[in-house]
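The values are calculated or read from the model by the stated rules, or taken from the named source; none is laboratory data. Keep in mind the model is a prediction, meaning the values are calculated, not measured. Side chains are part of the model used for accessible areas, which takes the heavy atoms of the whole protein and leaves out ligands, DNA and RNA. Shrake-Rupley method; radii C 1.70, N 1.55, O 1.52, S 1.80 Å.
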Amino acid sequence: MDARLPVFPLGTVLFPGLVLPLHIFEARYLELMRHLRGLPDGTPREFGVVAIRSGGSASVAARPEPDSEIGQETRPRVPELTDRRSDGAPVTLHEVGCTAELRQVTELPDGRLDVVTVGRRRFRIARVEEVGTPYLSAEVEWLPEPAGQEQLADLLAPRVLAVFRRYLTLVRDDPEEISEQLPDDPTVLSHLVAATAALTLTDRQRLLATPDTAGRLSAELRLLNREAALLRQVRAVPVPLAELAVPASPN
């Protein structure tokens, strides 16, 4: 079932179940927050977060630590999903995003807002709509997890969990504290790995657009093995401090 959704372009990828804090200071997105806060009780206060494909960053600060899809997805892309920066320059967006549910709002003395949101559900933009608001709005179709690959996902999840634990020992000071909190549910695990591993925005966007959990876990297994191999190689070849101190030569 299609729905209309306010769209918030960001230089990051949001996944279901993950927390996304935002510092909002541009007038049109402050108005979006006012709209959401004014909705009747019981109405979902959510908007769509869509990663920026090109054209720089939107006028908002995202503070998480932090395209072709992986898998069988072959639907044609919406040709131009665009917004504009505050300076009028065009911003081209990815097609698949995730809704952010508004959980907490802190008003600052200068009128800006610190908000806490949580990723809720994936969607694909069908078309951008002109609705008379300063912020972008779009007609979207929801992307629920398809049935039929649960057994494969259950087999892949322990392998991904094991590789992710090894990966954490290479990138975190105290990996045990984090690894104790890792989920067993395959879908939740697939979203957590995608959001917290040191991946490029392109890799994360591909994972978000992957149709099912098994496909995400399979792709993450390859990505984590790649990243772990690179980290081990970098640590095995130390660079002398004298080399790090040499400034780049002017052109």
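A single entry from PHE15, PHE25 fulfils the requirement of being modelled with pLDDT of 90 or more, open to solvent by 70 Å² or more (accessible area, probe 1.4 Å) and not charged (D, E, K, R): PHE25. If the condition is being more than 26 Å from ASP212 (Cα to Cα) and either in a strand (DSSP E or B) or modelled with pLDDT of 95 or more (or both), then the range 86-98 contributes PRO90, VAL91.
If you filter the range 143-178 down to residues that are of a type outside the set (D, E, K, R) and outside any helix (DSSP H, G or I), you find that the one that is modelled with the highest pLDDT is LEU143. Within the range 99-142, count every residue that is open to solvent by 40 Å² or more (accessible area, probe 1.4 Å) and outside any strand (DSSP E or B). Here the count works out to 10.
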